[in-house]
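S.K.: First the structure, which I've put down as structure tokens, then a few questions once you've had a look.
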Amino acid sequence: MLWILISLFFLWCAYREIRASMVAPPGFDAPRPIYRPYLALVLVLAALFAWPTIHRWHFERFLSAKATELADNHRARVHCNTLFDTMLDPEMLSIGHANPLTGKIGIQKPWCGRLMAYLRHPARASEDELWSLAMFTHESMHVRGEMNEARTECEAVQRNYRAAKLLGVPDEIAKRNALDYYNVLYKHRAMIGGIQNAYYSDQCAPGGAMDEHLSDSTWATRPAGDPGSFTSDTN
Ligand SMILES: [Zn+2]
């Protein structure tokens with residue numbers, strides 16, 4: 001919001017300069033011509049200061065639409081917290097949180113940025129970027145109505161492939177990213193123990209009690225003849 005206020009200040013400077021060319025400013029007998037370098041400078045500054053906020057709003061709208069789709073059309077509204085929002089957030093220690101009653105998803109600084117980075121180069125996703133995808137899917141599952149953390153996380157594990165594709169990641173890379181998360185990061189939770197145990201179940205596996213048998217599940221076998229390079233062999 002601070003950046004938008006600074007941007008509005010520069011827009012006001014531009015408005016004042018243009019107005020002075022039409023109406024005589026106080027202390028002048030006649031309008032004065034626009035000083036073009038000054039006008040160009042304040043317009044550029046207005047655009048530069050507005051850009052981060054407008055870009056974030058655009059990304060939030062995009063994520064809200066995709067989270068709604070993942071949540072089987074339960075309306076989701078994603079908010080990317082600024083540093084200031086995060087400091088005031090009672091749940092600042094979790095990287096994201098969701099309220100199934102309101103559909104609000106809050107994503108802490110800097111996890112929206114990490115999700116943006118993931119979408120720029122999904123083929124070389126870092127561990128944090130895979131976490132950002134899984135966090136987005138996980139919070140969408142809360143909006144879908146699930147509150148138990150282990151079941152929520154397992155629903156997300158099975159939908160990370162779908163989520164990545166919805167966000168625009170090419171099919172094969174989306175499958176690889178979703179399987180990497182399941183095989184490496186998800187299973188690692190069991191070894192860490194502690195709070196991570198609440199998010200893990202050994203029944204979250206192909207054929208396990210939590211397997212929803214989704215046709216596009218992260219671990220689903222591709223139909224025979226499909227040229228994809230992945231199988232359900234997730235060992
Ligand atoms: Zn959760």
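S.K.: Between Asn148 and Tyr15, what is the label-point separation in nm under the 7 Å Cα-to-beta-carbon projection?
M.R.: 5.6 nm
S.K.: Also, quick follow-up: Which of the lysines could a cross-linker span from Lys165 if the Cα-Cα distance has to be under 23 Å and same-chain partners fewer than 8 positions apart are dropped?
M.R.: Excluding near neighbours in sequence, the set is Lys66, Lys104, Lys175, Lys187.
S.K.: Here is a follow-up. Given contacts defined as C-alpha pairs under 8 Å and at least six residues apart, what's the relative contact order of the chain, whole-number percent?
M.R.: 13 percent
S.K.: Rounded, prolate or oblate, given the Cα gyration tensor of segment 36-152, with a/c below 1.5 counting as rounded? Before the final figure, lay out each step's value.
M.R.: Numbers: a/c = 2.16, a/b = 1.90, b/c = 1.14.
Note, shape of segment 36-152 comes out prolate.
S.K.: Then there is this: Within the chain, which is the longest segment that contains none of the chymotrypsin sites (Phe, Trp or Tyr not before Pro) sitting in a DSSP loop with at most 16 other Cβ atoms within 10 Å?
M.R.: 36-235
S.K.: For Cα pairs less than 8 Å apart in space and 6+ apart in sequence, what is the mean separation divided by the residue count of segment 91-181, i.e. the relative contact order in percent?
M.R.: Relative contact order for segment 91-181 comes out at 28 percent.
S.K.: With a cut-off of at most 12 other beta carbons within 10 Å, and DSSP calling the residue loop, which GluC sites (Glu not before Pro) in segment 124-229 qualify? Please list them.
M.R.: Within segment 124-229, the qualifying GluC sites (Glu not before Pro) (loop, at most 12 other Cβ atoms within 10 Å) are Glu212.
Bear in mind these aren't lab numbers, they're just calculated from the coordinates by the rules spelled out. These numbers come from a predicted model, not from an experiment. Cβ atoms come from the backbone with ideal geometry, glycine included; neighbour counts cover every protein chain shown.
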